[in-house]
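The values are calculated or read from the model by the stated rules, or taken from the named source; none is laboratory data. These figures come from a predicted structure and were not determined experimentally. Please note: Cβ atoms are built from the backbone with ideal geometry, for glycine as well, and neighbour counts cover all protein chains shown. The protein model used for the area step is the full one, side chains on, heavy atoms only, and it has no ligands, DNA or RNA in it. Shrake-Rupley method; radii C 1.70, N 1.55, O 1.52, S 1.80 Å.
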Amino acid sequence: MDDAELQRRKDLCTATIERIARDVPAQRPAPSIRYVDKLSAHGRFVAGKNEIQIGIVGDLGDPAFDDGMIEALAAHEMGHWADPTLDATMRRSQIVCNTPFAVGVLAGLAIAVHAAITANADQVYAAVAALVFGVMLQVMFSPFFDWKGEFFADRFAAVHTSPDKVVALLARFGTRWMWIPTPTHPSRAQRVRAVMRMPVSTD
């Protein structure tokens, strides 16, 4: 892809973000925009910086990544920017999800230290179990907070572009892993179904 085409794509992405920032009342000022050569998440809204980051390699720089997908990606990240519950949800998520992880780590360290002092090798297994249990609880609780924000951002993108563009974007990402949810994101299939069920209005 030549520099002129890449710049055109950046301009389209920037224009989509700026249009939404003008049209949508939000609790934040218009975000800054940064284009990153390699971004594992494709796009990202960094709340602390009020910044939207968009990946180039594999995203804007991919000829198969068409204009509709660019608009949908920009609108999805703007959905996180516009989400009125984002800050509160992030705080609750940090408390609820990180607490069991921290407890598991501390318990594991305490057991490991006790095992070293008492020369009881069997307690090492208990230390590992405490750590694993804390991680499992963190992973189990995370979807209750993070998935809601992803569904909101998908719906927001569908309203401000179109459902077809959002579905095309989701289908474009991670086809190999489309059916596997993660602690932070529903599966692509779940997100596609949710977008198709939403009563989207462009009025």
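Under 18 Å of direct C-alpha separation, and excluding same-chain neighbours fewer than eight residues apart, Lys10 reaches these lysines: Lys38, Lys165. Please find the FRET efficiency linking Leu106 to Ala26, where r is the Cβ-Cβ separation and R0 is fixed at 35 Å, and quote it to the nearest 0.05. Plugging the Cβ-Cβ distance into 1/(1 + (r/R0)^6) gives 0.35. Classify segment 40-83 as rounded, prolate or oblate, taking a ≥ b ≥ c as the square roots of the eigenvalues of its Cα gyration tensor: rounded when a/c is under 1.5, otherwise prolate if a/b is larger than b/c and oblate if not. Judged from the Cα gyration tensor, segment 40-83 comes out oblate (a/c at least 1.5, b/c at or above a/b). Could you pull the accessible area for Arg193 with a 1.4 Å probe, rounded to 10 Å²? Surface open to solvent at Arg193 totals about 120 Å². The solvent-accessible area of Asp164, taken with every protein chain present and a 1.4 Å probe, is close to 120 Å². Shown are Thr99, Thr16, whose ranking by accessible area with a 1.4 Å probe and every protein chain present, most to least, is Thr99, Thr16. Ordered from largest to smallest accessible area (heavy atoms of protein chains, 1.4 Å probe), the residues Leu12, Leu131, Leu169, Leu106 come out as Leu106, Leu131, Leu12, Leu169.
Compared with the alpha-carbon gap, the fully stretched path from Ala171 to Ala129 is longer by 11.3 nm at 0.36 nm per residue.
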